[in-house]
There are 2 protein chains.
Amino acid sequence: MISVSNVIGFECVECARRFGAGGLVYTCAQCGGNLDVLYDYDLVARQLTRERLSEDQRFTIWRYRPLLPIEESSIVPPLTVGWTPVYDCPQLATEFGIRQLLVKDEGRNPTGSFKDRPSALAVVRAQEAGASVITTASSGNAGSALAGMCASMGMRSVIFVPASAPPAKIVQLQIYGSRVVLVDGSYDEAFDLCVEAARRFNWYQRSTGINPFMTEGKKTAALEIAEQLDWDVPDRVFVAMGDGCIIGGLWKGFKDFHRLNLIDRLPQMTGVQAEGAAAIVDAAMGDGTVREIAAQTFADSINVGRPRDATKAVRAIHESKGAGIKVTDEEIISAIVRLARSTGVFAEPAAAAAFAGFVKMAGSGAIKSSERVLLVLTGNGLKDVAAAQRAVTPPLRIRPSIDELDEAIRRDSEWRM
Amino acid sequence: MISVSNVIGFECVECARRFGAGGLVYTCAQCGGNLDVLYDYDLVARQLTRERLSEDQRFTIWRYRPLLPIEESSIVPPLTVGWTPVYDCPQLATEFGIRQLLVKDEGRNPTGSFKDRPSALAVVRAQEAGASVITTASSGNAGSALAGMCASMGMRSVIFVPASAPPAKIVQLQIYGSRVVLVDGSYDEAFDLCVEAARRFNWYQRSTGINPFMTEGKKTAALEIAEQLDWDVPDRVFVAMGDGCIIGGLWKGFKDFHRLNLIDRLPQMTGVQAEGAAAIVDAAMGDGTVREIAAQTFADSINVGRPRDATKAVRAIHESKGAGIKVTDEEIISAIVRLARSTGVFAEPAAAAAFAGFVKMAGSGAIKSSERVLLVLTGNGLKDVAAAQRAVTPPLRIRPSIDELDEAIRRDSEWRM
């Protein structure tokens, strides 16, 4: 039995049917659509003010507890999630001719990705539901985030990942003690298997889209952006899209704060996908209908053919008058390097895709010189070293001899410093 | 020309000769020994109080600026370094029969290791010295930290690493745009080559031991520990030792705060090394003399045969009435897993060595039940995925079929959940 003070129910994003807050809720009982969580905003407004926040010394997602779907008495994981840094990049802003360029480094979360936000919420919800095992399908990051959160709480998890996931992401799951199921197939197939398994074995289901609370965890990044920028939100936010849940979550966060009058305007949401896995972009920029494709990009976190939260993603783009952008794998590789060298942030491919999308859109002249732009960098570059290696050439290798070094430097004009 | 308000000079750790604060300073002009940085503590005491710190909203190493050797006007790197989380682990404390077990997760720093602290300081010092290129020898982490800091500041770096460094650490350097020199030899050989090259090419030298300011960067972790624990320092601090600079730095930090009356006692420093690379432990627990060895451990960050800051390390252990502990590579591998599963922190081998040392010492009965222990976990597990893979067995791999999953679960008793 669930009774969360400020949550008053759910609304289906497909058929708009509403449901009360009781019971274990996943998708719409009528049409199977994903759900939005509804709050009593009057109640929230009394608990969450700029003044209270300015005094709050909890620099984690839990500072936004009145806007989160958990019980007052629930224990949260000890790992410190959220309040990741936002960096101002004036040189890049000048290079691209815009007013301000900001990056938010989500790779600084405990397991190295944005997914620590929803996964932290998932373990709390699972405990509230009295579940003993949590499961998720994952291209890698959601799984390691859930595995880490479960380890820190002494809970058990079963993670379904495509066998092609990067070694770092798989080993993280195992080190944390999760039961790992490598699926010989795509992320989409791993997802379907996870859904079936959760039903058969009665596991708590964390998977993106099906679990309505993951949007709520993801929205915390938007709440932070507003607060970290002193309530003056950027004009445009770029983020990569796989299942579409992150962009949907960010948009929900901005809308929540707008409804609470904590911010007075909303950013335009720009979702970036790889050309080989662009189902959401095609829908958002086309007729709005999402069509399943055979996904193909090296950016594993967004290698999704059947995005499970596409409706929320398309809506975020449409409602915010944003856009969808496609980038090539080569553009993503270049973005990893350019981003690291100009900001000091080493991002995984999907994270760097946000920068690649910005580069492309700025190049097309679609961003005005008066705009302030923020990129959400969703994962740490250390998550996928093999991908980063594609962006560089083998380094100089010599014996420990100053003469060999001297000679090598003379030979190579790049060494003239 | 350098003039730093609160720094009054340097003292050689070998011959105790003192030097003034002017000029570009590395090692003792008389005997070549490493230097300690001396402060005007009366001046510092007026600028750094508990009250001022409690109001300081800079949650980075720069909140301790009066105790750092940089000019007031100097610009610091934008990447947010330090103020890493300290986690209380009550279940582990109970398992080991001690009052409290705390871990400080240094893997949460911008490039994933403790070395972001000294490297952030190095780029500031290099800018103050008007240097255009910074160099360091590194087993990996110091290099990637310096590379990241340089990238964020638009500065150039040359990094010397042994060719055996883990791929993740090497690719990080390259992504950040450093000039990388892979040396076919040991860390010790890479170190000597870096020293020679810096002299020949007039590069600013960051390498551990030679650069006296690295201790000052490293001490910030101790300052944070004191403040994060509300000025009640732990009884014992465990940390791995390679060159010995981290333990020396932590000890300097605790001593600085003690001298400023911000804490009223000092912890016992316990340095942990791998059995195959235990020059400092052998010296500290023996006659105090450091003897070079041929280092051999898979924990690359502490695979050091000729520790460059051994005098400071041995002194930290002796002055604090601490200890040196040796652990096997197998014990380190076990520690990675146990630590991750009980705390949610995935640590690299050298970091997990601190936990392995604690396990060994606790097992020997040398830690009293009344003690509060803190482990400094110096690097992120994502830095060395191959090492972590040694700790786990290949996961279950199946086709996307619920029947295959069902059968696999029935076969394996570990899946009974």
Next item on the list: Select from region B:379-405 the residues that are over 19 Å from the mean Cα position of the chain (by Cα) and of a type in the set (D, E, K, R) and write down the one among them that is surrounded by the fewest Cβ atoms within 10 Å (Cβ to Cβ).
Entry: B:ASP403
Notebook entry, point to check: Restricting attention to region A:298-305, does a residue exist that is farther than 12 Å from A:VAL272 by Cβ, of a type in the set (A, V, I, L, M) and surrounded by fewer than 24 Cβ atoms within 10 Å (Cβ to Cβ)?
Noted result: no
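Could you say which residue among B:GLY130, B:GLY107 is over 25 Å from A:LYS383 (Cα atoms) and small (Gly, Ala, Ser)?
Numbers: B:GLY107 fails: over 25 Å from A:LYS383 (Cα atoms).
When all the criteria are applied, what remains is B:GLY130.
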Check: From the residues in region B:4-42 that are outside any loop (DSSP other than H, G, I, E, B) and of a type in the set (D, E, K, R), which one is nearest to the chain's Cα centre (by Cα)?
Finding: B:ASP36
Notebook entry, point to check: Is it the case that A:GLU72 is at pLDDT below 95 and more than 24 Å from B:VAL337 (Cα to Cα)?
Noted result: yes
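Which one of B:ALA350, B:ALA362, B:ALA323 is closer than 23 Å to B:THR84 by Cα and more than 10 Å from chain A (Cβ to nearest Cβ)? Write out each step before concluding.
Numbers: B:ALA362 fails: closer than 23 Å to B:THR84 by Cα; B:ALA323 fails: closer than 23 Å to B:THR84 by Cα.
When all the criteria are applied, what remains is B:ALA350.
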Check: In this structure, does B:ILE225 turn out to be under 17 Å from B:LEU375 (Cβ atoms) and part of a helix (DSSP H, G or I)?
Finding: yes
Margin query: List pairs: first residue in region A:196-212 and more than 22 Å from A:PRO307 (Cβ to Cβ), second residue crowded, with 21+ Cβ neighbours inside 10 Å and of a type in the set (Ser, Thr, Tyr) anywhere in the structure, Cβ distance under 6 angstrom, at least six positions apart or on different chains.
Written below: A:TRP203/A:THR135
Check: Of the residues B:ALA126, B:ALA122, B:ALA45, B:ALA93, which is in contact with a strand residue (DSSP E or B) (Cβ under 8 Å, 6 or more places away or on another chain), of a type in the set (A, V, I, L, M, F, W, C), assigned to a helix (DSSP H, G or I) and more than 29 Å from B:ARG308 (Cβ to Cβ)?
Finding: B:ALA93
Check: helices (runs of 4 or more DSSP H) wholly in region B:303-378 with at least 2 residues that are within 16 Å of the chain's Cα centre (by Cα), among the aliphatic types (A, V, I, L, M) and closer than 21 Å to B:ILE225 by Cα - which ones?
Finding: B:310-319, B:349-363
Next item on the list: State all residues of region B:274-302 that are within 25 Å of B:LYS169 (Cα to Cα), assigned to a loop (DSSP other than H, G, I, E, B) and β-branched (Val, Ile, Thr); if no residue qualifies, say none.
Entry: B:ILE293, B:THR297
Notebook entry, point to check: Is region A:372-379 home to any residue that is farther than 29 Å from A:LYS255 by Cβ, away from chain B (no Cβ under 14 Å) and among the charged types (D, E, K, R)?
Noted result: no
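Whether any residue in region B:65-83 is of a type in the set (Ser, Thr, Tyr), buried (at least 24 other Cβ atoms within 10 Å of the Cβ) and either closer than 19 Å to B:LEU223 by Cα or within 11 Å of chain A (Cβ to nearest Cβ) (or both) is what I want to check. Give the derivation first.
Of region B:65-83, the ones of a type in the set (Ser, Thr, Tyr) are B:73-74, B:80.
After this cut, where a residue has to be buried (at least 24 other Cβ atoms within 10 Å of the Cβ) as well, the list is none.
Within region B:65-83, not a single residue is of a type in the set (Ser, Thr, Tyr), buried (at least 24 other Cβ atoms within 10 Å of the Cβ) and either closer than 19 Å to B:LEU223 by Cα or within 11 Å of chain A (Cβ to nearest Cβ) (or both).
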Margin query: Being touching a strand residue (DSSP E or B) at 6+ places or on another chain (Cβ under 9 Å) and assigned to a loop (DSSP other than H, G, I, E, B) is the filter here; which residues of region B:245-273 pass it?
Written below: B:PRO267
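Restricting attention to region A:331-366, and to residues there that are charged (D, E, K, R) and within 18 Å of A:GLY242 (Cα to Cα), which single residue is surrounded by the most Cβ atoms within 10 Å (Cβ to Cβ)? Can you show your working first?
Taking region A:331-366 and keeping what is charged (D, E, K, R), we get A:331, A:338, A:341, A:348, A:360.
Applying the additional criterion that residues be within 18 Å of A:GLY242 (Cα to Cα) yields A:331, A:348.
Numbers: A:GLU331: 19, A:GLU348: 33.
Only one residue fits best here, namely A:GLU348.
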Notebook entry, point to check: What number of residues in region A:187-207 are out of contact with any helix residue (DSSP H, G or I) (no Cβ under 8 Å at 6 or more places or on another chain), within 24 Å of A:GLU348 (Cα to Cα) and either at pLDDT 95 or above or within 8 Å of chain B (Cβ to nearest Cβ) (or both)?
Noted result: 3
Check: Between residues in region B:272-286 that are more than 10 Å from B:GLY242 (Cα to Cα) and residues that are among the basic types (Lys, Arg) and assigned to a loop (DSSP other than H, G, I, E, B), which pairs lie under 8 Å by C-beta distance while being six or more apart or on different chains?
Finding: B:ASP282/B:ARG291; B:ALA283/B:ARG291
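Could you please give the count of residues in region B:156-186 that are in a loop (DSSP other than H, G, I, E, B) and either more than 21 Å from B:PRO349 (Cβ to Cβ) or facing chain A (nearest Cβ under 8 Å) (or both)?
Kept after step one, since they are in a loop (DSSP other than H, G, I, E, B), are these residues of region B:156-186: B:163-166, B:176-178, B:184-186.
Applying the additional criterion that residues be either more than 21 Å from B:PRO349 (Cβ to Cβ) or facing chain A (nearest Cβ under 8 Å) (or both) yields B:163, B:176-178, B:184-185.
Counting residues in region B:156-186 that are in a loop (DSSP other than H, G, I, E, B) and either more than 21 Å from B:PRO349 (Cβ to Cβ) or facing chain A (nearest Cβ under 8 Å) (or both) gives 6.
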Check: Of all residues in region B:1-45, which are of a type in the set (A, V, I, L, M, F, W, C), out of contact with any Phe, Trp or Tyr (no Cβ under 8 Å at 6 or more places or on another chain), closer than 19 Å to B:PHE257 by Cβ and without any contact (Cβ under 8 Å) to a residue 60 or more places away in the chain?
Finding: B:LEU43
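Within region B:391-413, which residues are assigned to a helix (DSSP H, G or I) and either of a type in the set (D, E, K, R) or at the interface with chain A (Cβ under 7 Å from one of its Cβ atoms) (or both)? Walk me through how you get there before you give the answer.
Initial filter on region B:391-413 (assigned to a helix (DSSP H, G or I)): B:402-411, B:413.
Matches in region B:391-413: B:ILE402, B:ASP403, B:GLU404, B:LEU405, B:ASP406, B:GLU407, B:ARG410, B:ARG411.
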Next item on the list: Consider only pairs whose beta carbons are under 6 Å apart and that are at least six residues apart or on different chains; among these, list those whose first residue lies in region A:93-116 and is touching a residue at least 24 places away in the same chain (Cβ under 8 Å) and within 12 Å of another protein chain (Cβ to nearest Cβ) and whose second residue is outside any strand (DSSP E or B) and of a type in the set (D, E, K, R).
Entry: A:ASN109/A:ASP116; A:PRO110/A:ASP116; A:GLY112/A:LYS383
Next item on the list: Would you be able to tell me the number of residues in region A:117-144 that are of a type in the set (A, V, I, L, M, F, W, C) and facing chain B (nearest Cβ under 10 Å)?
Entry: 1
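The values are calculated or read from the model by the stated rules, or taken from the named source; none is laboratory data. Quick caveat: nothing in here was measured; it's all calculated off a predicted structure. Because the Cβ atoms are built from the backbone with ideal geometry, glycine has one as well, and the counts that use them run over all protein chains shown.
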